[in-house]
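Heads up: the structure comes next, in structure tokens.
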Protein chains: 2
Amino acid sequence: MNEPARRQGRPPKMENPRGRILDEAAELFAKNGYEGTSLSDVAVAVGVTKAAIFHYFPNKKEIYEAIIVRTLQGLVETVTLAVEVDGDAEARLVRFMMAHADYFEQHYYGFMTMLVGYGGMENITLIEEARKLRDGYESLLRSIVTTGMKSGCFRQVDVHVASRAVLSLLNWMVRWYKPGHGSPASAFAKEYCDLMLGGLRTRQA
Amino acid sequence: MNEPARRQGRPPKMENPRGRILDEAAELFAKNGYEGTSLSDVAVAVGVTKAAIFHYFPNKKEIYEAIIVRTLQGLVETVTLAVEVDGDAEARLVRFMMAHADYFEQHYYGFMTMLVGYGGMENITLIEEARKLRDGYESLLRSIVTTGMKSGCFRQVDVHVASRAVLSLLNWMVRWYKPGHGSPASAFAKEYCDLMLGGLRTRQA
């Protein structure tokens, strides 16, 4: 911040500059909205020149897309790992929801950017990479529900409705949950899961 | 649109001009975001001058707030009426969710503005009137769940968790439901409700 402006300069040395840019941009998009954030704002937040930002990203839209892709990639990797542990469908659904909530809490601004920060709803066009990640994530969840129904652990439900319900509960957290205020997100996810499982169990507990 | 510009003019005669302004502004906020919409855009959409808009609203923020208040007022009135009919807690919860979904579908842009259109999440400050309406709405839902638990119709659950889950399912619809494409919103609400009730019933159906 104290360096003289370098108009066409290369970015100053910093660790993981792409990651730093995405972190700061996500926080700005989440707080001020996509339209309300300029590349200059991002440059100031990172502590580099606007030219340095252009060294990594040609425009704001690509920063936005990179945030979405990075957030989804991390989510899919983390949650996939969490549900791979042995266990029945019920245990795996609990792990799915809690791992999702943990990841959301740790990458709060990325989620906010993905799910809230882009004000104009009809302008959202997910790029192919993000769409594939999201589809894969939804498939993973549906496979857990389907496995549970086949094994008799869950009653027969519409797998699409049940899966969309689980993701609705988790995704809506962006609108009311604030990290660092009270319980961790995973505690709420566990409560939701208990409620959902009550609706999924073959016999009432 | 073909009239000559009237800079300080009174608005042209139209039925319910305030309502027309709110309708057009809600559609613009929903589609292009709050930041992406100017008062001039609203004036063009209504077919009046910008001065005519100022005759009714001093600024964009007050239009936004009026959309939220109008949407919430209508929602509370409609859903309250729907759940007042005799019936047990289960029947009333079904009616609550379906009436909410119907109202959402009929006032799609108002909901989008309220729940999506305002990109910068941390900038959202609900005015007192909107807060009271929302709190009253949440109380109504919690009272249905509480009644059901007292009557033995629902199992003992955390009333806040269950109510927040119901509203999460309904509210997240703004992110995937498009009116006029396939089933009505109330059909999805009914499916969610069946799933939720499975989790609430004392005995498994």
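The values are calculated or read from the model by the stated rules, or taken from the named source; none is laboratory data. None of these values were measured; they are calculated from a predicted model. We place every Cβ from the backbone using ideal geometry, glycine too, and count neighbours over all the protein chains shown.
Pairing residues of the stretch B:129-152 that are farther than 15 Å from B:M196 by Cα with residues that are surrounded by 14 or more Cβ atoms within 10 Å (Cβ to Cβ) and among the small types (G, A, S), at Cβ distances under 7 Å and at least 6 apart in sequence or on separate chains, gives B:E138/B:S163; B:T147/B:A89; B:S151/B:A89.
Identify, from the list A:V145, A:V174, A:V157, A:V116, the residue that is part of a helix (DSSP H, G or I) and more than 18 Å from the chain's Cα centre (by Cα). Going through A:V145, A:V174, A:V157, A:V116 in turn, just one is part of a helix (DSSP H, G or I) and more than 18 Å from the chain's Cα centre (by Cα): A:V145. At pLDDT below 90, in a helix (DSSP H, G or I), in contact with a helix residue (DSSP H, G or I) (Cβ under 7 Å, 6 or more places away or on another chain) and more than 10 Å from chain A (Cβ to nearest Cβ) - does that describe any residue in the stretch B:124-131? Yes, the stretch B:124-131 contains a residue that is at pLDDT below 90, in a helix (DSSP H, G or I), in contact with a helix residue (DSSP H, G or I) (Cβ under 7 Å, 6 or more places away or on another chain) and more than 10 Å from chain A (Cβ to nearest Cβ).
Conditions (1) closer than 21 Å to A:G33 by Cβ; (2) in a helix (DSSP H, G or I), marked per residue:
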residue: A:E62; (1), (2): yes, yes
residue: A:V79; (1), (2): no, yes
residue: A:D86; (1), (2): no, no
residue: A:V94; (1), (2): no, yes
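Here B:Y56 fulfils each of the conditions (1) assigned by TED's automatic domain parsing to the domain that holds B:L169; (2) in contact (Cβ under 8 Å) with a residue 24 or more places away in the chain; (3) touching a Lys or Arg at 6+ places or on another chain (Cβ under 6 Å) apart from (1). Only residues that are more than 10 Å from every other protein chain (Cβ to nearest Cβ) and in contact with a helix residue (DSSP H, G or I) (Cβ under 7 Å, 6 or more places away or on another chain) were counted in the stretch A:167-188, giving 5.
So is A:A26 modelled with pLDDT of 90 or more, touching a Ser or Thr at 6+ places or on another chain (Cβ under 6 Å) and assigned to a helix (DSSP H, G or I) or not? Spelling it out, A:A26 is indeed modelled with pLDDT of 90 or more, touching a Ser or Thr at 6+ places or on another chain (Cβ under 6 Å) and assigned to a helix (DSSP H, G or I).
Of the residues making up the stretch B:46-64, those that are more than 22 Å from the chain's Cα centre (by Cα) and either buried (at least 21 other Cβ atoms within 10 Å of the Cβ) or small (G, A, S) (or both) are B:G47, B:V48, B:T49, B:A51, B:A52, B:I53.
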